[in-house]
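This report refers to the structure that appears directly beneath it.
The values are calculated or read from the model by the stated rules, or taken from the named source; none is laboratory data. Quick caveat, the model's predicted, so the values are computed rather than measured. We place every Cβ from the backbone using ideal geometry, glycine too, and count neighbours over all the protein chains shown.
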Amino acid sequence: MRAPPSCEEVSSNLSWDVAQQELGYRPGDPINIGWMCSDRICQLGLANKLALLWEDYQGTKKQFTYDNVRIFSNTFAEFLTDLGIQPGERVCLFLDRVPELYIGFLGILKTGAVAQPLFSAFGDESLLVRLADAGTCAILTQKKHLYKIRKIRNALPNLRHVIVVDADSASLQEHETPFAMERAPQVEHFPAYPTMAESPSVLHYTSGTTGQPKGAQHVHYSIIAQYLTAKWVLDLRPDDIYWCNADPGWVTGTSYGIIGPWSNGITQVVLDSGFNAEKWYEFIEQYGVTVWYSAPTAIRLLMKEGSEVVRKHDLSSLRHLASVGEPLNPEAVLWSQEVFGRPFHDTFWQTETGCIVITNLPGMPIKPGSMGKPFPGITASVLDPKTYEPGNRAGASGLIALRPGWPSQIRGYWNNPKGFEAKFRNGWYLCGDRASIDRDGYFWFMGRDDDVINTGGHLVGPFEVESALLECPAVAESAAVAKPDPVNMEVVKAFVTLKRGFQPSDDLELDIMNHIRKRLSPLAMPQEIEFVNSLPKTRSGKIVRRILRCKEFNEPLGDLSTIMED
Ligand code: 6R9
């Protein structure tokens, strides 16, 4: 086994060119993520190595070698091609964390089509908005999610195919096609479409402050950064058993739940079930997980369950722990050091960055509460919010900004060039977050620079929630803001004014909550609804969420000169 690298060793040897060489990619050649993550690994002599060990909430188990992944993704690719799906068209994955999600993702990419993963917990409205914006032509799903698609199908003229991975034709309607990955005739050879570095690969929807969610458009060249960061930040080594908790509906679940580990030829485990501390520890013990990529909310939930339950399990296989999605509390780092004998390493990045950009590399001294330093190859700074000039002195704070040009940076927002342009200032890409940098160059997260709500690591756009609130017959106006929460860091809270003739009541509050849960998702559902007589507005009539949010967080309200009095 190789010794842990020193941080200096890692930094001086890392470059995107090294990643290109290791992946056998020469600029100007075709590059296809689907092929890179399966065929290429088989060609390296790892065809019989396990790629995926999978288990669901009922204890059903399956396993797939790299050769299985290669053949099944070929089978998907040929099936999609036979349906007439063209390179560049969007194919949505609307699946629980079943093997078809992971392998179908590679299959879509092999055809040259664009993979659009969406959380299977999404309700019909969340689904409709994202499928309509992307002009999605096909969707892969399971029987249990069909009812949501059937509800919105007529509003989606581009959606030609609904492909169901676990049904036979008897239970399906017109234009719904069954496809059983493991029962379909296996396709030994499928010539992966010769996508180029800049060909679109993955379309991930992410929430902003204004308007509907934006489709972050990635390209096949992103694998260069995902491969290298997975290898060095997650410290992946050939014998590792790697577990990433994230659902591929979220960028962590594709960049580091599919592309990162599989481009490195690593064995990964997937548990398709919700949070349960006992079950999670059992899972780590049973599979001998060595590297674990998780999130602060999950860690806080584990902390709540206490240390006793940890001690009932042999978790000595764990070698490296990392976290992403929200600020990682210093207590969580200290707790993991105490109970697992290893600290969680914080990593900071976004849907838009495609790969980890600020991090605690293995071997680097961790300062609990800090996100670490820029990954070698990434230039990061904090900018003055007025001048957009980088603050260079120790202790400088401001907007987290990155110099554009790393391989996995998104190339645009789908149908939204203005939204994309707005992310750049003075030659920098703005993350939309604030941080400070200490004298050793460590970044300390301060907060988001917008109204987006980060609940358990998932971004919820206030506009989406407010639009769905306005569908309720009783609601006149609404504002959705973050409210502090001990486990999820933030949850959604809605302020609502009612139409004439409606009175606040517990029943009404429940009705409204349920409406949002069904239309959007359980995460977007407000945990509290406050009925108010009016909402704070600017003189031009815009609702000011900032004031409501500050009150929830007990923060000073700042400049109120543009706000109208009641
Ligand atoms: C990968 C992912 C991105 C936003 C980001 C920031 C927050 C992510 C963080 C963190 C503090 C960390 N965020 N990692 N905040 N510390 N280590 O999360 O993508 O869903 O696009 O969210 O999440 O606010 O801007 P995405």
Say we look at the range 273-287 and pick out the residues that are touching a strand residue (DSSP E or B) at 6+ places or on another chain (Cβ under 8 Å) and in a helix (DSSP H, G or I); which of these is surrounded by the fewest Cβ atoms within 10 Å (Cβ to Cβ)? K279
Would you say G306 is at positive phi and modelled with pLDDT of 95 or more? no
So G306 clears everything in (1) more than 22 Å from V270 (Cα to Cα); (2) more than 16 Å from the ligand (Cβ to nearest atom); (3) in contact (Cβ under 8 Å) with a residue 24 or more places away in the chain except one condition, right? Which one? (3)
Does G456 count as surrounded by fewer than 22 Cβ atoms within 10 Å (Cβ to Cβ), within 16 Å of the ligand (Cβ to nearest atom) and in the same structural domain as P504 (by TED's automatic domain parsing)? yes
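Residue by residue, here is whether (1) buried (at least 19 other Cβ atoms within 10 Å of the Cβ); (2) touching a Ser or Thr at 6+ places or on another chain (Cβ under 9 Å); (3) at pLDDT 95 or above holds:
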residue: T60; (1), (2), (3): no, no, yes
residue: R70; (1), (2), (3): yes, yes, yes
residue: N74; (1), (2), (3): yes, yes, yes
residue: A77; (1), (2), (3): yes, yes, yes
residue: L83; (1), (2), (3): no, yes, yes
residue: L127; (1), (2), (3): yes, no, yes
residue: R130; (1), (2), (3): yes, yes, yes
Of the residues in the range 397-424, those that are within 15 Å of the ligand (Cβ to nearest atom), hydrophobic (A, V, I, L, M, F, W, C) and not in a loop (DSSP other than H, G, I, E, B) come to L399, I400, A401, L402, F420
Out of (1) closer than 22 Å to W243 by Cα; (2) of a type outside the set (A, V, I, L, M, F, W, C); (3) more than 26 Å from the chain's Cα centre (by Cα); (4) in a helix (DSSP H, G or I), what's the single condition that is false for N48? (4)
Return the only residue of T359, T290 being among the hydroxyl-bearing types (S, T, Y), in contact with a strand residue (DSSP E or B) (Cβ under 9 Å, 6 or more places away or on another chain), touching a residue at least 12 places away in the same chain (Cβ under 8 Å) and within 13 Å of the ligand (Cβ to nearest atom). T359
Six or more apart or on different chains, Cβ atoms under 7 Å: show the pairs whose first residue is in the range 260-272 and surrounded by fewer than 24 Cβ atoms within 10 Å (Cβ to Cβ) and whose second is assigned to a helix (DSSP H, G or I) and small (G, A, S). N264/A230
Filter result for R439 (within 10 Å of the ligand (Cβ to nearest atom) and either buried (at least 23 other Cβ atoms within 10 Å of the Cβ) or in contact (Cβ under 8 Å) with a residue 24 or more places away in the chain (or both)): no
P504: farther than 27 Å from G447 by Cα, surrounded by fewer than 21 Cβ atoms within 10 Å (Cβ to Cβ) and not aromatic (F, W, Y), yes or no? yes
If a residue must be closer than 26 Å to P343 by Cβ and buried (at least 21 other Cβ atoms within 10 Å of the Cβ), how many such residues does the range 379-407 contain? 4
Flag if G354 is in a loop (DSSP other than H, G, I, E, B), within 10 Å of the ligand (Cβ to nearest atom) and in contact with a helix residue (DSSP H, G or I) (Cβ under 7 Å, 6 or more places away or on another chain): yes
Looking at V270, V339, V289 in this structure, which one is of a type in the set (V, I, T), under 30 Å from P200 (Cα atoms) and modelled with pLDDT of 95 or more? V270
Output for the range 485-501, where each listed residue is surrounded by 13 or more Cβ atoms within 10 Å (Cβ to Cβ) and under 25 Å from the mean Cα position of the chain (by Cα): D485, V487, N488, M489, E490, V491, V492, K493, A494
Within the range 313-351, track down each residue that is touching a strand residue (DSSP E or B) at 6+ places or on another chain (Cβ under 9 Å), assigned to a helix (DSSP H, G or I) and within 16 Å of the ligand (Cβ to nearest atom). A332, V333, S336
Based on what the data block shows, is Y256 assigned to a strand (DSSP E or B), within 25 Å of M371 (Cα to Cα), within 16 Å of the ligand (Cβ to nearest atom) and of a type in the set (S, T, Y)? no
For residues that are in a loop (DSSP other than H, G, I, E, B) and within 21 Å of G325 (Cα to Cα), tally how many sit in the range 425-440. 0
Answer with yes or no whether T141 is surrounded by 21 or more Cβ atoms within 10 Å (Cβ to Cβ), of a type in the set (S, T, N, Q) and either out of contact with any Lys or Arg (no Cβ under 8 Å at 6 or more places or on another chain) or at pLDDT below 95 (or both). yes
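Listed here are the residues, each with its yes/no results for (1) closer than 18 Å to C550 by Cβ; (2) outside any helix (DSSP H, G or I).
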{"site": "E464", "(1), (2)": "no, no"}
{"site": "S467", "(1), (2)": "no, no"}
{"site": "A476", "(1), (2)": "no, yes"}
{"site": "V481", "(1), (2)": "yes, yes"}
{"site": "P484", "(1), (2)": "yes, yes"}
{"site": "V492", "(1), (2)": "yes, yes"}
{"site": "R500", "(1), (2)": "no, yes"}
